[in-house]
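Contents: one structure, followed by commentary.
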Amino acid sequence: MSDPSGLGYTPEWEHIAAVRPMVGSFRFWFTTDRWEWSPELYRLHGYDPGEIEPTTELLIKHKHPDDHHDIAEAITRSIDQGEPFSSHHRFLDTAGGEHNVMVVADRIFNSEGRPVGTTGFYIDLSDERADAERDVLNERMPEMVHARAYIEQAKGVLMRIYGINANQAFRVLVWRSQETNTKLRDLAEQILLDLGQLSPPPAATVAAFDHLLLTAHERAHHRNT
């Protein structure tokens, strides 16, 4: 078996792979309001593949009651503004099981360059088994400091952007590494390099962070007293 982690420990990579989240893909077409689900996405919701016709109404019906409004707004925004349907939310499968998922998506363009739909993945982050990724990075390979630095920084980016925890962020990186057959270290490094292509944050966000930076010591002292 190859070692796409780039960390030099194939057995450890197999250990990481055991905590890979379940992933299902979808397509959503704006003008027809039509959804296409992969077999995995049907199963995530508790259906046999092709058992039902996925619709926006059905999708929202499955959402956790506390997330109904936000998801309905996200879908409306996708249609009205031609945006990808991306979110971090919970839904209930047909047996009542709760899934904590992250949806990562991009736009589908027609031949004229207009957005006509969105396509992406549901990543089930509900399983919190054994903190295997923390064991691998923090205990089993302490000498791989350079690789860990890239991975930890990329994890931090995903945590902030998607509002997920460190374990979930690592699972997302592992998923993309396996899905694309890219070394985990290389993938993390590329994400960090590509951050420079994003637009600068709004001035209000920078100002708010300035305040956090300049007053963090006060809250740190208070927390430790």
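The values are calculated or read from the model by the stated rules, or taken from the named source; none is laboratory data. Predicted model, so just to flag it, every value in this text is computed and none were measured. Positions of Cβ are generated from backbone atoms using ideal geometry, with glycine treated the same way; all protein chains shown enter the neighbour counts. Remember, those area values only see protein heavy atoms, side chains included, never the ligands or the DNA or RNA. Shrake-Rupley method; radii C 1.70, N 1.55, O 1.52, S 1.80 Å.
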- Keeping every protein chain in place, order His221, His88 by accessible area at 1.4 Å, biggest value first, i.e. largest first. His221, His88
- Item | Cβ crowding within 10 Å averaged over residues, with 202-214, 179-191 ranked highest first | 179-191, 202-214
- Task: Based on the mean of other Cβ atoms within 10 Å per residue, sort peptides 150-156, 46-52, 58-64 so the most packed one is first.
- Result: 150-156, 58-64, 46-52
- Taking 171-178, 105-112 and ranking on average Cβ neighbours within 10 Å, highest first, one gets 171-178, 105-112
- Do you know the relative contact order of region 54-107, to the nearest whole percent, from alpha carbon pairs under 8 angstrom that are 6+ apart? 31 percent
- Task: Leaving ligands, DNA and RNA out of it, rank Leu195, Leu125 by accessible area with a 1.4 Å probe, largest first.
- Result: Leu195, Leu125
- Query: Can you give the charge dipole size of region 156-218 about its Cα centre, rounded to the nearest 20 debye, using +1 on the beta carbon of Lys and Arg and -1 on the beta carbon of Asp and Glu?
  - Reply: 240 debye
- Note on the structure: Computed from the beta carbon distance with a Förster radius of 41 Å, FRET efficiency for Glu57 and Val206 to the nearest 0.05 stands at 0.50
- Full extension from Glu218 to Phe109: what is 0.36 nm times the residue separation minus their Cα-Cα distance, to one decimal in nm? 34.3 nm
